[in-house]
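Every number in this text was worked out from the coordinates using simple rules, so none of it is lab data. Note that the coordinates shown come from a computational prediction; the quantities given were computed from them, not determined experimentally. We place every Cβ from the backbone using ideal geometry, glycine too, and count neighbours over all the protein chains shown.
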Amino acid sequence: MRRLAAFVVVGMLLSALPVQAVAERPGPRVDVCHWSEDDEVFVHITVFASAVAKHIDNHGDVYPGQGGLDDRCALEESTVLAVAYSNLDGVDGFDEMGSDVFISKLVDTNDDGVVSAGDEILMGRYPTGFNPSSPADFGGFAVPRHTIDAVRIAGPTYIVVESGTAEFAFASNANGEQYFENGPLGSVCGGCTELLDIKADTNFDRIFTDYFGPSPSQPDSAVLLSRRLPGSGTDDTYLDVDIAIP
Ligand SMILES: [Ca+2]
Ligand SMILES: [Ca+2]
Ligand SMILES: [Ca+2]
Ligand SMILES: [Ca+2]
């Protein structure tokens, strides 16, 4: 009789368990834009809320609507405030849909019409020589984007901005064109990548990547090229820089 009573109690406990199990589901799922290394695009996925921090820290994921992405993780069409590119189509100006290759562009992510904190620098590819003509003549950057958190100079011929411990510059005037990135802040060239196209005969054309150390966007092909006069006296096509600030 005592044993039967024990059975009854255990049976009551078991019948109570399923209700508890249902109440302990792992929680809600959250939308994130996952950075796909293989395809080099952001992909819309959902993950458990408890896993979001890990995705952001380990994979560079962001929330939809942030980082220049729309609600479905597609790149928003932000105004380009400055662009460095290889002008391969023979026509002045950057044509994203044509054969021109963008190296780096500063986009007005926060849509206020000026260079400001919250805007972004998007990285493309870079020429590994002075006469690029095909995709094989370009290297890639491992870091696809930087969010600007301080603006030092923003004029019609020269822009200098900071992102974390890195600095970035776009320059274009009658003497030449330049894209430059460097880190850490305050160093002349702690680890820098520079593309410089001199138009006047006063200096060298040059392409340096990871000079003196790893530079912020982590270029994947080492380049250390410098070209003497008179090559530096012409406006070459491996680097053009357009700045769209009045
Ligand atoms: Ca062009
Ligand atoms: Ca802006
Ligand atoms: Ca030149
Ligand atoms: Ca040029």
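Brief remarks follow.
- Computed [θ] at 222 nm, deg cm²/dmol, the chain (DSSP H ≥ 4; -39,500 (n - 2.57); rounded to nearest 500): -4000 deg cm²/dmol
- GluC sites (Glu not before Pro) restricted to the stretch 69-155 and DSSP loop, no more than 12 other C-beta within 10 Å: Glu77, Glu96
- Listing Phe48, Phe94, Phe138 from fewest to most neighbouring C-beta atoms within 10 Å gives Phe48, Phe138, Phe94.
- The shape of the stretch 80-243 comes out rounded: with a ≥ b ≥ c from the C-alpha gyration tensor, a/c is under 1.5.
- Against the chain, whose longest principal axis is taken from its Cα atoms, helix 2-23 shows a tilt of about 30°.
- Here the simple spin-label model places points 7 Å from the Cα toward Cβ, and for Leu185 and Ala136 these points are separated by 4.3 nm.
- Of the trypsin sites (Lys or Arg not before Pro) found in the stretch 48-138, those that fall in a DSSP loop while having at most 16 other beta-carbon atoms within 10 Å are Arg72.
- Here the contact order of the chain, divided by its residue count and restricted to Cα pairs under 8 Å and six or more residues apart, works out to 14 percent.
- Gln66-Met97 pseudo-label distance in nm [points 7 Å out on the Cα-to-Cβ vector]: 3.3
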